[in-house]
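Trainee: Mind looking over this structure? Questions follow.
Derivation of every value follows stated rules applied to the coordinates shown; laboratory data play no part. A quick note: this is a predicted structure, and the numbers were derived from the prediction, not measured. Reconstructed Cβ throughout: ideal geometry from the backbone, glycine too, with neighbour counts over all protein chains shown.
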Amino acid sequence: MTANAEWEEYFDHFVPPSTLQHNQKAVQDFASANRQIGHDLVLITSGGTTVPLENNTVRFVDNFSVGSRGSSSAEYFLERGYAVIFLHRHRSLQPFSRHFAKDNFLEYLHLEQDLDGSEKVAVKTEMSPKLLEVLKKYEEVKASGRLLLMVFTTVSDYLFNLRAFAEALHPFGPHAMFYLAAAVSDFYVPSSQMAKHKIRSSNGPLELKLQQTPKLLSPLVKDWATDAFVVSFKLETNKDIIAACAREALDKYKHQVVISNVLATRRKQVTLVTKTEEKMLSLSDHEFHMGIDVEQKIVDELLKHHKVFIQEKQPSRR
Ligand code: PAZ
């Protein structure tokens, strides 16, 4: 079966999200407005996908991804002047608010008495500097109109959105980057084979047979986003096979960059793989403890590649 036929069959199994057209238009408008004022574009995908087991979903298969990579990268792309479409798993980490995700926000606040004796909520003095720093950046980004948030939950919603957004970004050719950090399920249950209602435990043990999700890089590179700069991520748990897996993906799909990472060390070290080079990007222990994000290094390295890519695609504008 061709990649295209596989995809048509996949999409036939699912109902598109009701917001799809509206969201596609929002991406189109956002991208046009930002390109008009010279911003390059990046579509970041972030977080894990769910695979529902029932149409009225109570149970689903999930994965570990919390959206650290995507949300942190979004901040660095914004800092470097990009306009960011942040397609993320509902309730996963988001740029800026990620800095407080592990905290109980009530611990940032206390009660104060106004002059008239009434109570009001105020920020604790010791919490103020961190809040102020992040809030300032967040407000600036909001005012600049360079961040568009979009959500998904299930693997099929993710794929419908990705295809629609890739089509919306197609007119912007090499100025659009795809930064595919989401952990997308390789398996799914076709909706025709899903139970309509909550599966009853009284029926005994549950046997599941999941179908294989077609690889999205193939149609993305060949059909949906033919002129864009595409960066995929490859995660493995076995460090001995990661380099070969990343190279294999690049050879197979012929996109621009694979970023490989190993589950246990992903916060400190990744390898950026292109047709001609392999470059390890890592944090020293000191950098890690200072709270530096490896995503800063990833984004800075990618921007160099993206710049060259744009120049090569549009030599007359050099
Ligand atoms: O979301 P997170 O920060 O917890 O994890 C990031 C990641 C490991 C999901 C990402 O770096 C990645 O490798 N994504 C692609 C996974 C894959 O499909 O191989």
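Trainee: Taking the Cβ of each residue in Ile37, Ile259 as the centre, tally the other Cβ atoms inside 10 Å and list the residues starting with the fewest.
Mentor: The most exposed by this proxy come first: Ile37, Ile259.
Trainee: Could I ask something else about it? Under the rule of -39500 (n - 2.57) per DSSP H run of 4 or more residues, summed and divided by the residues of the chain, what mean residue ellipticity at 222 nm is obtained, to the nearest 500 deg cm²/dmol?
Mentor: -11000 deg cm²/dmol
Trainee: Among the aspartates and glutamates, select those whose C-alpha is under 16 Å from the C-alpha of Lys268, and discard any that sit fewer than 8 residues away in the same chain.
Mentor: Those aspartates and glutamates meeting the cut-off are Glu236, Asp285, Glu287, Asp293, Glu295, Asp300, Glu301.
Trainee: If we count every other residue with Cβ under 12 angstrom of Arg80's Cβ, Lys/Arg +1 and Asp/Glu -1, where does the sum land?
Mentor: Net of charged neighbours comes to -3.
Trainee: Going by how many other beta carbons lie within 10 Å of each one, how would you line up Val308, Val262, fewest first?
Mentor: Ordered by Cβ neighbours within 10 Å, fewest first: Val308, Val262.
Trainee: Looking at the chain as a GNM with Cα springs under 10 Å, which of Lys307, Lys239, Lys102 has the largest mean-square fluctuation?
Mentor: Ranking Lys307, Lys239, Lys102 by mean-square fluctuation puts Lys102 first.
Trainee: Does the range 164-278 classify as rounded, prolate or oblate by the C-alpha gyration tensor (a ≥ b ≥ c root eigenvalues; a/c under 1.5 gives rounded; else a/b over b/c gives prolate, otherwise oblate)?
Mentor: Oblate, since a/c reaches 1.5 and b/c is not below a/b.
Trainee: Also, quick follow-up: Among Ser191, Val134, Leu162, whose Cα lies farthest out toward the positive end of the dipole of the range 99-241, if unit charges sit on the beta carbon of Lys, Arg (+1) and Asp, Glu (-1)?
Mentor: Farthest along the dipole direction, towards plus: Ser191.
Trainee: Running a GNM on the chain with Cα contacts under 10 Å, which residue among Thr125, Thr213, Thr153 ends up with the highest mean-square fluctuation?
Mentor: Thr125
Trainee: Something else: Excluding His289 itself, calculate the net charge of residues whose Cβ lies under 15 Å from the Cβ of His289, where each Lys or Arg counts +1 and each Asp or Glu counts -1.
Mentor: Local charge sum for His289: -1.
Trainee: Just want the ordering: Leu106, Leu263, from fewest to most Cβ atoms lying within 10 Å of their own Cβ.
Mentor: Starting with the residue having the fewest Cβ neighbours, the order is Leu106, Leu263.
Trainee: Could you list, in their original order, any pairs among Lys120/Lys297; Lys215/Lys307; Lys25/Lys254 whose Cα atoms are separated by more than 31 Å?
Mentor: Among Lys120/Lys297; Lys215/Lys307; Lys25/Lys254, the Cα-Cα distance tops 31 Å for Lys120/Lys297.
Trainee: What per residue convex hull volume, in Å³, comes out for the chain when only alpha-carbon positions are used?
Mentor: Hull volume over Cα atoms, normalised by residue count, gives 194 Å³.
Trainee: Hey, what did the range 84-141 get for relative contact order, percent, Cα under 8 Å, at least 6 apart?
Mentor: Contact order relative to length: 27 percent.
Trainee: Can you give the net charge of the other residues whose Cβ lies under 13 Å from the Cβ of Leu109, counting K and R as +1 and D and E as -1?
Mentor: -3
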